[in-house]
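What follows is a single structure, written as structure tokens, with notes after it.
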Amino acid sequence: MIKLQFKQILNILAVFMLLMSAVVASAEIESPVDMLKRTSDDVIKELKEKREAIDADPSIVYQIVNDYIIPHLDDVTLAKLALGKNWRKASNDQKIEFVDQFRTLLVRTYSKSLQEFSDQKINFFPVNIKAGEEKVTVKSEVLQSGGPTIPVDYRLRLKDDEWKVYDIKIDGVSLVTNYRGTFAQEMRKGGMKAVLKMLQEKNAKVAEKPVTPETANSDADKQNS
């Protein structure tokens, strides 16, 4: 029979505790589907409970987006992908401001959509994640009463033991790709200064007026024209 010294027993226990802590840590990581569904349910609940307050003060939607959606976005990666190869041309200060301004623009975009959200339902489809996989796409669909079903795909990456969204594809159109074209056009006009000025102006306009279905539709018409 093998006799273990006291020091050896302590070493074995230490290794065992480390292994157990690793297992517990990995078990605590919420799946991307569960995270998206939980966030969606929380947002819909907030919208329903605060509907009257939102109708009176649409800016409340901004806070809902900040509280429930923005924490699950990998805003830095999203910003880098949206700026594309031009990210390398920006200074550190410009990168920081770009991420901040772009995040504000995303809040505005989400707020517009949520302001018009009523009786839609969202279905999330299961996804198989392989061991060690750190990037995944979760497919979903938005069911509209009397309207077409809208497919929405979320691209997520594992960051600091949390799944973060770094791109969203709505009805086949990527959020990152859509903005990349706009930013590339501004870069050709006047570099990063032109890009930041455009974002600042867009965000300033939002701050001047509340988000309402009327203004949201008006802005959408201008962007599509």
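Selection of segment 137-163 for residues being crowded, with 20+ Cβ neighbours inside 10 Å and in contact (Cβ under 8 Å) with a residue 60 or more places away in the chain yields 138, 154, 156, 163. With respect to the conditions (1) buried (at least 19 other Cβ atoms within 10 Å of the Cβ); (2) in contact with a helix residue (DSSP H, G or I) (Cβ under 8 Å, 6 or more places away or on another chain), residue 74 lacks only one, and its number is (2). Could you list all residues from segment 145-173 that are hydrophobic (A, V, I, L, M, F, W, C) and out of contact with any strand residue (DSSP E or B) (no Cβ under 9 Å at 6 or more places or on another chain)? Passing the criteria: only 173.
Checking the condition over 24 Å from residue 205 (Cα atoms) and within 13 Å of the chain's Cα centre (by Cα), which residue from 109, 77 passes? Even if it seems obvious, please write down each step before you answer.
Values: 109 fails: over 24 Å from residue 205 (Cα atoms).
When all the criteria are applied, what remains is 77.
With respect to being exposed (fewer than 14 other Cβ atoms within 10 Å of the Cβ), of a type outside the set (A, V, I, L, M) and either touching a residue at least 40 places away in the same chain (Cβ under 8 Å) or within 23 Å of residue 42 (Cβ to Cβ) (or both), residue 86 falls outside the description.
Does at least one position in segment 139-146 carry a residue that is of a type in the set (Gly, Ala, Ser) and within 30 Å of residue 203 (Cβ to Cβ)?
Yes - at least one qualifying residue is present in segment 139-146.
Residues 195, 176: which one is touching a strand residue (DSSP E or B) at 6+ places or on another chain (Cβ under 6 Å), at pLDDT 90 or above and not in a strand (DSSP E or B)? Please lay out each step first, then the result.
Numbers: 195 fails: touching a strand residue (DSSP E or B) at 6+ places or on another chain (Cβ under 6 Å).
Checking each option against the conditions leaves just 176.
Filtering 34, 55 for residues that are acidic (Asp, Glu) and either in contact (Cβ under 8 Å) with a residue 60 or more places away in the chain or over 20 Å from residue 142 (Cβ atoms) (or both) leaves a single hit, 55.
The values are calculated or read from the model by the stated rules, or taken from the named source; none is laboratory data. Not measured: the values here are computed from a predicted model. Glycine gets a Cβ as well: all are built from the backbone with ideal geometry, and neighbour counts include every protein chain shown.
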